[in-house]
Amino acid sequence: MATVKIGVCGIPRSLKTLEKTLDVVEVQETFYHPKPNKYVEWRRKAPHLEFTVKAWFLITHGYNKMLARKSKLKEDLPFNQREFGGLQLSEANLWALEKVFLSAKNLGSQIILFQTPASLKPNKQLLEEASALFQSVRKEGYIPVWEPRGYSDEERSILNRFSRENQIPLVVDPLRRKPFPPMLGIEYFRLHGLGGREVNYRYKYTEEDLLKLIQLMREYRDDISVYVLFNNIHMYNDALHLKELLGKH
C-alpha cells in the first residue's frame with residue numbers, strides 16, 4: 001500500500017497539536033497573501049510537520065476584488081492588475097511566484113498547489129502557459145500540483161494527457177471524481193465535502209465515506225505517496241478519524 005499522508009487545509013489547531021496528531025498541513029494563507037517571514041517561526045514551532053503551500057490567487061485567479069478584500073491585500077502591486085492570473089509566465093505572475101517560493105523555502109515545503117477556477121478552461125493557450133509556468137517551478141526545486149475546477153469529461157482527457165506529458169500531478173476530490181494517475185510518485189487529494197455542487201464545506205465525513213477512501217488508497221503501489229487533505233469545517237476531526245480507521249484496517 002502507498003504511504004498515506006493525512007492532513008488539513010489550514011491551521012484549525014495549534015501547530016504543536018497538528019505536528020503531534022497529523023502528517024501534513026496545506027498552508028492556505030499563501031493563497032490570500034503570502035507572508036514569508038512569518039513562516040520561519042511556523043517551521044521553528046513544528047519542525048517535523050510537513051507543509052505544502054497553496055499558490056497566491058494572483059497567479060491562478062488574477063486580481064479579484066473579492067479575494068483581495070478577503071486577503072486584506074493593501075500593498076500597492078508593482079504591476080497592472082490585468083497582468084496577473086491565468087497561469088501565465090508573465091512578469092507580474094513571476095513577481096508573485098517569488099513570494100510563494102520564499103514562503104515554501106521558509107516552511108521547508110516541497111509541494112506547491114495551484115488551484116484554478118472553473119472559468120479557466122484547459123484550452124491550447126492555457127496549457128502552453130501552464131506548462132511554461134510549471135517548468136519554472138520545477139527549476140526552483142519544487143513540485144507543482146494542479147487542481148483544475150469544473151472540467152468536463154472531454155476536458156478530463158485533455159488534462160490527463162497534459163499531466164502525463166508534463167509530469168504534473170493533478171488534484172481531485174476522490175470521493176467526487178475519479179483520480180488521475182499519480183505523477184512523480186505523488187497522488188494529491190483535497191476533500192471538500194459531499195453534496196452540493198463542487199464543495200460542501202459543512203459536510204462531516206461518515207465512516208462509510210472514509211472506508212471507501214481507504215479502499216481506494218489500497219490500490220496504489222507502495223512507492224506512491226498519497227496526500228489526503230481535508231478542506232471542510234470538520235477537517236481536523238475527519239483527519240483524525242481517517243488516521244484511526246487506517247490504523248485498524
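What follows draws every value from the coordinates through simple rules; no lab data is involved. Computed from a predicted model, the values in this text were never measured in an experiment. Cβ coordinates were reconstructed from backbone atoms using ideal geometry, including for glycine residues, and neighbour counts include every protein chain displayed.
With the requirement that a residue be hydrophobic (A, V, I, L, M, F, W, C) and either touching a residue at least 12 places away in the same chain (Cβ under 8 Å) or under 15 Å from Cys9 (Cβ atoms) (or both), what does the stretch 58-67 give you? Spell out the reasoning first.
If we filter the stretch 58-67 for residues that are hydrophobic (A, V, I, L, M, F, W, C), which is where we start, we get 58-59, 66-67.
Of everything in the stretch 58-67, those that are hydrophobic (A, V, I, L, M, F, W, C) and either touching a residue at least 12 places away in the same chain (Cβ under 8 Å) or under 15 Å from Cys9 (Cβ atoms) (or both) turn out to be Leu58, Ile59, Leu67.
What residue, of Ala46, Ala55, is surrounded by 17 or more Cβ atoms within 10 Å (Cβ to Cβ), farther than 26 Å from Lys124 by Cα and in contact (Cβ under 8 Å) with a residue 24 or more places away in the chain?
Values: Ala55 fails: farther than 26 Å from Lys124 by Cα.
Checking each option against the conditions leaves just Ala46.
Pairs, please: C-beta under 8 Å, at least 6 apart or cross-chain, first residue under 20 Å from Met217 (Cα atoms) and free of Cβ contacts under 8 Å to residues at least 40 places away in the same chain and in the stretch 158-187, second of a type in the set (Lys, Arg) and not in a loop (DSSP other than H, G, I, E, B)?
Val172/Arg190; Asp173/Arg190; Leu175/Lys212; Pro181/Arg164; Met183/Arg164
Filter the stretch 7-38 for residues that are among the hydrophobic types (A, V, I, L, M, F, W, C) and under 13 Å from the mean Cα position of the chain (by Cα) and give the result.
Initially, the stretch 7-38 is screened for residues among the hydrophobic types (A, V, I, L, M, F, W, C), giving 8-9, 11, 15, 18, 22, 24-25, 27, 31.
Within the stretch 7-38, Val8, Cys9, Val24, Val25, Val27, Phe31 meet the criteria.
Answer yes if at least one residue in the stretch 219-229 is free of Cβ contacts under 8 Å to residues at least 40 places away in the same chain and not in a loop (DSSP other than H, G, I, E, B), and no otherwise.
For the stretch 219-229, residues free of Cβ contacts under 8 Å to residues at least 40 places away in the same chain and not in a loop (DSSP other than H, G, I, E, B): absent.
Per-residue answers, yes or no, for (1) of a type in the set (Ser, Thr, Tyr); (2) out of contact with any helix residue (DSSP H, G or I) (no Cβ under 6 Å at 6 or more places or on another chain); (3) in a loop (DSSP other than H, G, I, E, B):
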| residue | (1), (2), (3) |
| --- | --- |
| Met1 | no, yes, yes |
| Lys5 | no, yes, no |
| Val8 | no, no, no |
| Pro12 | no, no, yes |
| Leu18 | no, yes, no |
| Pro34 | no, no, yes |
| Asn37 | no, yes, no |
| Val40 | no, no, no |
| Arg43 | no, no, no |
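Pairs, please: C-beta under 8 Å, at least 6 apart or cross-chain, first residue at negative phi and surrounded by fewer than 19 Cβ atoms within 10 Å (Cβ to Cβ) and in the stretch 238-249, second part of a helix (DSSP H, G or I) and not aliphatic (A, V, I, L, M)?
Taking only residues 6 or more apart or on different chains, the pairs are Leu240/Thr21; Lys243/Thr21; Leu245/Glu207.
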